[in-house]
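What follows is calculated from the coordinates using simple rules that are stated; it is not laboratory data. Computed from a prediction, not measured in an experiment: that's the story for all the values here. Note: ideal-geometry Cβ built from the backbone for every residue, glycine included; neighbour counts use all protein chains shown.
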Amino acid sequence: MALVLNADFRPLSYFPLSLWCWQDAVKAVFLDRVSIVHEYETVVRSPSFEMRLPSVIALKEYVEASRKPAFTRFNVFLRDKFSCQYCGDRFQAHELTFDHVLPRSRGGHTTWWNVVTACSGCNLSKGDGLPGFHGMTPVSRPREPTAWQLLENGRAFPPNYLHESWLDYLYWDIELEE
Ligand SMILES: [Zn+2]
């Protein structure tokens, strides 16, 4: 799999994260549609050529991104800037969980408006409590982000933050179920 960046070297989409299988990535390299940004150690060989598999590629022509962001863990984290919405601290993706503001056991739904990023500590102490229980109310009111807001949030991270660890995000980039 290769992470696909737009011509401005930002991921083509965060929603979901744009990934191509290696065959498509290699084909695009040969068609001169993309440039290689990073490579894997793995080499592919055929009788006529050999090349290291691209891990990150960038499109040569800019593509407009305008669709509505998918409701995924990754995008929830990105909306909340990888910060726990209860203690306000920033965490790595693998240290974060998502929390239902109104617990599911009390009828809360899994939607943009009821799911926030939480560290495991805060998630645990909030438990099944109602919003405001023990004073635990999200720092900002959860809402559906626009694609633009997610892009802006993505830009707030160091350029390699999302690239170097993009494999970690595959797991998080699964559409959440209602
Ligand atoms: Zn926290």
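Things worth noting here:
- Counting only residues at least eight positions apart within a chain, or on another chain, the lysines with an alpha carbon under 25 Å from that of Lys81 are Lys68, Lys126.
- For GluC sites (Glu not before Pro), the sites in region 25-81 that DSSP calls loop and that have at most 15 other Cβ atoms within 10 Å are Glu61, Glu64.
- Ranking of Val26, Val116 by neighbouring Cβ atoms within 10 Å, starting from the fewest: Val26, Val116.
- Extension gain for Thr110-Val44 works out to 19.5 nm (0.36 nm per residue, less the C-alpha to C-alpha distance).
- In this simple spin-label model, placing a label point 7 Å from the Cα along the Cα-to-Cβ direction at both Leu102 and Met1 gives a separation of 3.4 nm.
- Neighbour-count ranking [beta-carbon atoms within 10 angstrom, fewest first] of Arg79, Arg33: Arg33, Arg79
- When His94, His38, His100, His109 are sorted by how many other C-beta atoms sit within 10 angstrom of their C-beta, beginning with the fewest, the order is His94, His109, His38, His100.
- Our estimate of slack between Asp89 and Ala156, defined as 0.36 nm per intervening residue step minus the Cα-Cα distance, is 22.6 nm.
- Cut-off 18 Å (backbone N to label point 7 Å along Cα→Cβ of Thr137), residues of region 99-126: 100-103, 113-117, 126
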